[in-house]
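Enquirer: One structure, pasted below without further comment.
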């Protein structure tokens, strides 16, 4: 019988994960699975737990949001041990690329079914990530979401944060080098995706594939608020490439970003800062075994 190590962050989803943890525990018992549940009590602890658990358990399961997954991933790269995810965070974006629903009961069933896939990861300044890096407006919206405490989660949380950010945000001045190209100037946003969405459902890298050995990159040039609002539905529909005059979609194995001063950056929904404002990002091919939903 497989042994499952459940690593739960009770603070995920603005603290709403506590109820989810109890539900997950009950569902694993009902299904007769052999498991051990451990709650994190501070930052970076999930990685330590996962690293130790890989020696004893058959499957490592993250119970939380993208931040919890982000903490666990570095400990599991090239380990060969599968990572399962039961979502209880605010955005839960990475699961969308894996075909895992937000419903906890269905997610538990998917973990126990054990449909495995070998996927890529990403790395920024030596730190691994599973889903995406956002620079500019995307990251500013993410930062604004931390100040919203009225119970909203998922897409609604980030839509509220987007409204707060409009009119207070200025494009970032950066140098971006990738392949044989170099862009030097102002950008509204730059999203680098291993997965397809950020912010609970903004499809900024809608065509990304988890196992192609590449990172998808969406560059949006400076635009006015009315123009942004006009094209916003395309972001939800996954057709941002139709805003071709403002957005460019491409793929790369690695890139370097130099900020001309501080720039807002998030990594899988967590605020990320480099003192020198330099960010080196690359794909880590075939790095992680995951449990995904039915295709």
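Enquirer: Hey, among the residues in region 168-186 that are touching a helix residue (DSSP H, G or I) at 6+ places or on another chain (Cβ under 9 Å) and modelled with pLDDT of 95 or more, which one's farthest from residue 286 (Cα to Cα)?
Expert: Across region 168-186, the extreme among qualifying residues is 171.
Enquirer: Could you tell me which residue of region 162-175 is nearest to residue 223 (Cα to Cα), considering only residues that are surrounded by fewer than 20 Cβ atoms within 10 Å (Cβ to Cβ) and in contact with a strand residue (DSSP E or B) (Cβ under 7 Å, 6 or more places away or on another chain)?
Expert: 171
Enquirer: Next question, about the same structure. Tell me which strands (runs of 3 or more DSSP E) are completely within region 155-251 and hold 2 or more residues being within 21 Å of residue 262 (Cβ to Cβ) and without any contact (Cβ under 8 Å) to a residue 40 or more places away in the chain, or say none if there are none.
Expert: Fully inside region 155-251 and qualifying: 181-187.
Enquirer: Might you let me know whether region 117-126 holds any residue that is over 20 Å from residue 192 (Cα atoms), crowded, with 24+ Cβ neighbours inside 10 Å and at pLDDT 95 or above?
Expert: no
Enquirer: Given the criteria touching a strand residue (DSSP E or B) at 6+ places or on another chain (Cβ under 8 Å) and closer than 30 Å to residue 57 by Cα, does residue 121 qualify?
Expert: yes
Enquirer: Moving on to the next point. Are any residues in region 124-144 farther than 22 Å from residue 216 by Cα and touching a strand residue (DSSP E or B) at 6+ places or on another chain (Cβ under 9 Å), and if so, which ones?
Expert: 143
Residue by residue, here is whether (1) surrounded by 13 or more Cβ atoms within 10 Å (Cβ to Cβ); (2) under 19 Å from the mean Cα position of the chain (by Cα); (3) at pLDDT 95 or above holds:
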position: 233; (1), (2), (3): no, no, no
position: 253; (1), (2), (3): yes, yes, yes
position: 270; (1), (2), (3): yes, yes, no
position: 282; (1), (2), (3): yes, yes, yes
position: 288; (1), (2), (3): yes, yes, yes
position: 294; (1), (2), (3): no, no, no
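Enquirer: Going by the conditions given, is residue 103 surrounded by fewer than 16 Cβ atoms within 10 Å (Cβ to Cβ) and under 22 Å from the mean Cα position of the chain (by Cα)?
Expert: yes
The values are calculated or read from the model by the stated rules, or taken from the named source; none is laboratory data. Given the structure is predicted, the values throughout are model-derived calculations rather than measurements. Because the Cβ atoms are built from the backbone with ideal geometry, glycine has one as well, and the counts that use them run over all protein chains shown.
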